[in-house]
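The values are calculated or read from the model by the stated rules, or taken from the named source; none is laboratory data. Nothing here was measured: the structure is a model prediction, and the numbers come from that model. Positions of Cβ are generated from backbone atoms using ideal geometry, with glycine treated the same way; all protein chains shown enter the neighbour counts.
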Amino acid sequence: MITSSRAGQVVHRSLVSLGVATALSVCLMAGAAAGDATPHSDGVGAAMSDAAITTKVKTSFVGEDRLKGSHIKVVTTNGVVTLTGTAASSDSKDAAEEIAQNVSGVRSVDDQISTPSSASGAHKVIAKTERVGSDTWITTKVKSQILADSVSKGFDVHVKTLHGVVMLRGMLPTSDAVAHVKDIAASVEHVKSVDTSELKSSG
């Protein structure tokens, strides 16, 4: 027969054991939760993978006949390969993109390689932009000079410039006014010549 004192000790021990087990369970759960919250080192793995892809692409380029004379730089970010630099031809450019795309682990290829033809085209666009800008500047300058002049400021003169040649159009009161406006336009910097064939006088 278990005495009341004995029974009390048993109950006490059971409660203590239960408390320890509960506390241990809570600690384990907290630890698991903390472990789940800990970020994985995917960034390092991704960086290593990108570096490996870059190396594979560069290695694939070595000894490739289609890429002779080309200077291509390879950068990989999250599996996306970016190619920059110059290729000997458009065929070489296409070959570089094709080779990079076929490397294991490559998600996509951003081909930014320039070729002699594309570079030439870019130079032509720049040259055209500079020329158009110069013509625009001349047109603006001629208009402002005409408006600022005490004699011609009230004249309605249309101004257009092409390759440095200023073309004036409108109707002025006298032939002297036409000559005066022509002189104003001719005095503007960078003006090669002035065309007044469409600038008429009513007097």
*Residues (charged (D, E, K, R) and over 43 Å from the mean Cα position of the chain (by Cα)) located in segment 156-175*: D156
*Within segment 90-108, track down each residue that is surrounded by fewer than 17 Cβ atoms within 10 Å (Cβ to Cβ) and of a type in the set (K, R).*
R107
*Would you pick out the residues in segment 53-74 that are surrounded by 13 or more Cβ atoms within 10 Å (Cβ to Cβ), assigned to a strand (DSSP E or B) and not charged (D, E, K, R)?*
I72, V74
*Give the number of residues within segment 76-104 that are touching a helix residue (DSSP H, G or I) at 6+ places or on another chain (Cβ under 7 Å) and of a type outside the set (G, A, S).*
8
*Could you tell me whether V178 is over 42 Å from the mean Cα position of the chain (by Cα) and without any contact (Cβ under 8 Å) to a residue 40 or more places away in the chain?*
yes
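Could you name every one of the strands (runs of 3 or more DSSP E) located completely within segment 105-175 that has at least 1 residues being at pLDDT 85 or above and under 26 Å from H71 (Cα atoms)? Talk me through it step by step, then tell me what you get.
Details: elements: 108-111, 157-162, 165-172.
Here the list reads 108-111.
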